[in-house]
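The values are calculated or read from the model by the stated rules, or taken from the named source; none is laboratory data. This is a predicted model, so every value here is computed, not measured. Please note: Cβ atoms are built from the backbone with ideal geometry, for glycine as well, and neighbour counts cover all protein chains shown.
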Amino acid sequence: MPGYKGHLAGGAALGGSTIAAAVYFSYLPKDIWLLAALFSIAVMASLFPDTDTESKGQNFFYSIMALTDVVLIINKYYEWAAILGLFAMLPALGKHRGWTHTWWAMLIVPAPIMILPWIFFREDWMVTLPFYLAAVVGYFSHLLLDREF
């Protein structure tokens, strides 16, 4: 079982190669900010399953989430800051290698990335689909490295 550095590397490798393939086959535009956001989501999602236990990965993940929350609050995106805070706490509701290490969590946990923009802003799901898929790919890399399949 790899540690947080292994999961970061796995998320970066699988996320980066998936994004590169999507650009190559013209599924994604060559927009540096979009690609950076997708890559960041994949890498962060690769750490999510281990946020249910005290670890360096958990500390890194929550440091980034806290920083993101502060930026949202400073920019007066209070609803998004509250949502991020709520979803960041969910792993604490289970035991280590419990629900966070399942294939169904890999598909359900990132779902708010697509659902919430539709609820709040009536954003077309096709706009948020790449962000959802980036999270699923990152999450998948974690489960794959932990040999959960």
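The table below gives the values:
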item: Region 34-77: number of residues that are in a helix (DSSP H, G or I) and farther than 17 Å from Ile113 by Cβ; result: 14
item: Leading residue by the ranking (modelled with the highest pLDDT) among those in region 53-80 that are over 25 Å from Tyr4 (Cα atoms) and surrounded by 11 or more Cβ atoms within 10 Å (Cβ to Cβ); result: Ile73
item: Breaking point among (1) part of a helix (DSSP H, G or I); (2) free of Cβ contacts under 8 Å to residues at least 60 places away in the same chain; (3) of a type outside the set (S, T, N, Q); (4) out of contact with any His (no Cβ under 9 Å at 6 or more places or on another chain), for Phe149; result: (1)
item: Count of region 20-34 residues which are over 16 Å from Met126 (Cβ atoms) and surrounded by 11 or more Cβ atoms within 10 Å (Cβ to Cβ); result: 3
item: Residue that is farthest from Leu144 (Cα to Cα) [pool: residues in region 27-58 that are touching a residue at least 24 places away in the same chain (Cβ under 8 Å) and acidic (Asp, Glu)]; result: Asp52
item: Pick from region 1-26, criterion in a loop (DSSP other than H, G, I, E, B) and in contact with a helix residue (DSSP H, G or I) (Cβ under 8 Å, 6 or more places away or on another chain), ranking: nearest to Phe149 (Cα to Cα); result: Met1
item: Residue within region 59-70 that is free of Cβ contacts under 8 Å to residues at least 60 places away in the same chain, charged (D, E, K, R) and on the phi > 0 side of the Ramachandran plot present; result: no
